[in-house]
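Read the structure below first, then the notes.
Every number here is computed from the coordinates shown, using simple stated rules; none is lab data. Owing to the predicted nature of the structure, the values given are computational and were not obtained by experimental measurement. FYI the Cβ positions are ideal-geometry reconstructions off the backbone, even for glycines, and counts take in every protein chain you see.
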C-alpha cells in the first residue's frame, strides 16, 4: 500500500488530487486535522512518513516542505511553480519525449506543469523538436481559462451574489507580461525569448483553450496545415491522454474535456497563417490529473490508473 500525503489538501488542486486518489485501493492517504494543517512539525512528520508527497502550496511553502525531508525514500510531486525550471527536478509532462517520461519514472522530485504552460508547451515543444521553427521565433500565445484556475479567492468572486458586471465578460490579465508561467514556457521549450502571453479568464468554472498562431513565412521548415497536422498526430500517436483532432470545427469551446486528464490538439489556419490550439481541463491535465499521472509513472503502474 502506497502512503500518500497531500500538503495543501484544502486548495483547489489538492482537493482534486484527494478526490482522484480517494477512489483507489492501492493508496492510503495521510491527513492532518484542520488545526494542524499549518503546523510545521506535524507537516514534517507526515512528509517523512509518506512514500509520495504532493505539494499543493504557494512557492515559499513548497520550498519549505522540501527542506523538511529527512527520509531519502520520500518522493515529491510539486504542483507549485517553485521547481519547474530546476534542472534537478523532472518536468511532469511525459508525452514530450521518452527522456521526459524516463526522468519522471526514476526521479524523486517531479514538478507538475502549470495549466497555461501545459497548453503552450504541448504545441511549441514539438515544433522546436521537429525543426519547424527556430528557438528565436517570436511566439505569441492566447489562453482562455475557467475561473477555477485562480483558486479559492477567484472562485468566490465569480460565484458571489451581486458581483460586479465585469465578471460577466472575459477578462484579460497579466498585462505587464510577467505571468508566473512564462519562465517554464521559455525554459522547457528552450526559447531564446519569452513569448507574448495573453491569458484571459472567463465566466465558466473549468476548462482551457490555448492557441499559438504561426506565420509560415517565419518557419525554418516550410509546411502547410495538413503536414503540420500529420506531424503532430504522429508525435502524440502512442500516448493515452493527448489526441490530435482530424475534424475542422467552426467554434472551439474550452470546456469540452472538463473532469478528464485528456488534451486535444487542433491544427487550423491556411498556408500563410497556422493556428495551433490545445484544449484540456485546467484542473485535469493542467493540474491534478497531470500530478496523478506522474505518480502512476513513478510507481510503475498504468499511467491511466484513477484517471
**Complete:** Quick calc: nm separation of the 7 Å Cα→Cβ label points for residue 200 and residue 226 -> 3.1 nm
**Complete:** The distance between the Cα centres of region 33-62 and region 156-199, in whole Å, is 28 Å
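Out of the DSSP beta bridges found with both residues in the chain, what percent are antiparallel (nearest 5)?
Values: 21 of 48 bridges.
DSSP beta bridges in the chain are roughly 45 percent antiparallel.
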**Prompt:** For the residue pair residue 30 and residue 176, what label-to-label distance in nm results when each label sits 7 Å from Cα along the Cα-to-beta-carbon direction?
**Reply:** 3.9 nm
**Item:** Expected 222 nm ellipticity per residue - DSSP helices of 4 or more, -39500 (n - 2.57), all of the chain, to 500
**Value:** -9000 deg cm²/dmol
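Over region 115-282, what portion of Cα pair distances is larger than 20 Å, expressed as a whole percent? If you can, show how the numbers build up before the last one.
Details: 7307 of 14028 pairs.
The calculated P(r) of region 115-282 puts 52 percent of pairs beyond 20 Å.
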